[in-house]
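Encoded as structure tokens, the structure appears first; notes follow it.
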Amino acid sequence: MTQAPATVEMIRRDRRHDDMGEIPRAWYADDPGLTAFFNAMSLAIEELEHYLLRSVRRFAETAKDTPLEPQVKDFLFQESIHSREHRRYNDQLQEQGFPAEEMTQVLRDRVKRMEARRTDLQNLALTAAIEHFTAILAHQLLDRPEHIRANGYPPLVRMWIWHGAEEVEHKSVTYDLFCMQVSGFRRYRMRIAGILAATRVMLPFLYWVTWRFLKTDGIQWRWKSWRVMLRVTLVYPGFMRRMLRDYIRWYRPGFHPWDQDDRALLFRWRDSEPGKGLT
Ligand SMILES: [Fe+2]
Ligand SMILES: [Fe+2]
């Protein structure tokens, strides 16, 4: 596949997770480590989405009067709703005594430095690479939702899976926008530089924030704090381990995000939602 299949339309849902209520301190499997890992992802996502929005806006004009124009608009819409909703979630982490604002500021400074060092096009390549991470994580959430559904706090689980579904819907937008600007070996070289930078920023940040969140309760050095998280992410359902194969696909010269056809997963999620996931 070289572009998004015509049957996948992006839907502007403008969901508000007003049922979030008070998020339990260990909302996933009653386990502080697993909860901290997902909370770390939520922090990273909110800040990175601001960056994605900035880099896509710089190129939005280039999509004018092309089939990508409405997709870029829908992408901007979906991502701004995501960061709004993750903000509500992350604010609660701060209220619970976790250093959410401090950690966000660290990432913000890091991203600002990366952004300033790069050209607009290099930033777009990095953006497309970050979107690859979110798309392959989303694939895992849609493919194997059983564990989180059975063990997570339902309003947050719904939010994570809704976010995942929209990440799948728009997974090729930044990639196609980037490819529109550059071709040949230069495109490939920039893609590789983008994924290496995205990996370098995101992975250490996730584990460091997990560690810092556990430190808030003074349990960062206990094996028990990490055991469940490592089992769930690396063994069963093992979504981080399973993501590795999808991650590597990016390095193929002819890669396109829709090489992995996620339509069946997406439609299964829509069917499971009230109103078929249209709102
Ligand atoms: Fe998002
Ligand atoms: Fe996204």
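The values are calculated or read from the model by the stated rules, or taken from the named source; none is laboratory data. These figures come from a predicted structure and were not determined experimentally. Ideal geometry is used to build each Cβ from the backbone, glycine not excepted, and the neighbour counts take in all protein chains shown. The area values use the complete protein model at the heavy-atom level, side chains included, leaving out ligands, DNA and RNA. Shrake-Rupley method; radii C 1.70, N 1.55, O 1.52, S 1.80 Å.
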- Message: Restricting to Cα atoms and excluding each atom paired with itself, what does the Kirkwood estimate give for the chain in Å?
- Response: 19.2
- Task: Go through Leu126, Leu244 and list them by solvent-accessible area, largest first, probe radius 1.4 Å.
- Result: Leu244, Leu126
- Task: Using only the Cα atoms, work out Rg/Rh for the range 160-270, with Rh taken as the Kirkwood radius, to two decimals.
- Result: 1.04
- Query: According to a simple spin-label model (label point 7 Å from Cα along Cα-to-Cβ), what is the distance in nm between Glu146 and Ser80?
  - Reply: 4.0
- Note on the structure: Here the residues of the range 127-163 lying in the modelled label zone of Arg249, meaning backbone nitrogen under 14 Å from a point 7 Å along Cα-to-Cβ, are 132-143
- lysines near Lys171 by alpha-carbon distance under 26 Å, same-chain residues fewer than 8 away left out - which ones? Lys64, Lys73, Lys112, Lys276
- Low-density loop chymotrypsin sites (Phe, Trp or Tyr not before Pro), the range 171-228, at most 11 other Cβ within 10 Å, DSSP non-H/G/I/E/B, are Trp221
- Message: Tell me which GluC sites (Glu not before Pro) from the range 14-115 have a DSSP coil assignment and no more than 16 other beta carbons within 10 Å of their own.
- Response: Glu22
- Taking r as the C-beta separation of Leu196 and Glu22 and R0 as 35 Å, the FRET efficiency to the nearest 0.05 is 0.30
- Query: In the range 69-113, carbon and sulfur make up what percent of the accessible area (probe 1.4 Å)?
  - Reply: 50
- Message: For a quick check: with amide H placed at 1.01 Å from N, whose amide H comes under 5 Å from Gly152's, ignoring anything fewer than 5 positions away on the same chain?
- Response: Ala29
- What percentages, rounded to whole numbers, describe P(r) for the range 59-115 computed over all alpha carbon pairs with 10 Å bin width beginning at zero? 20, 30, 31, 16, 4
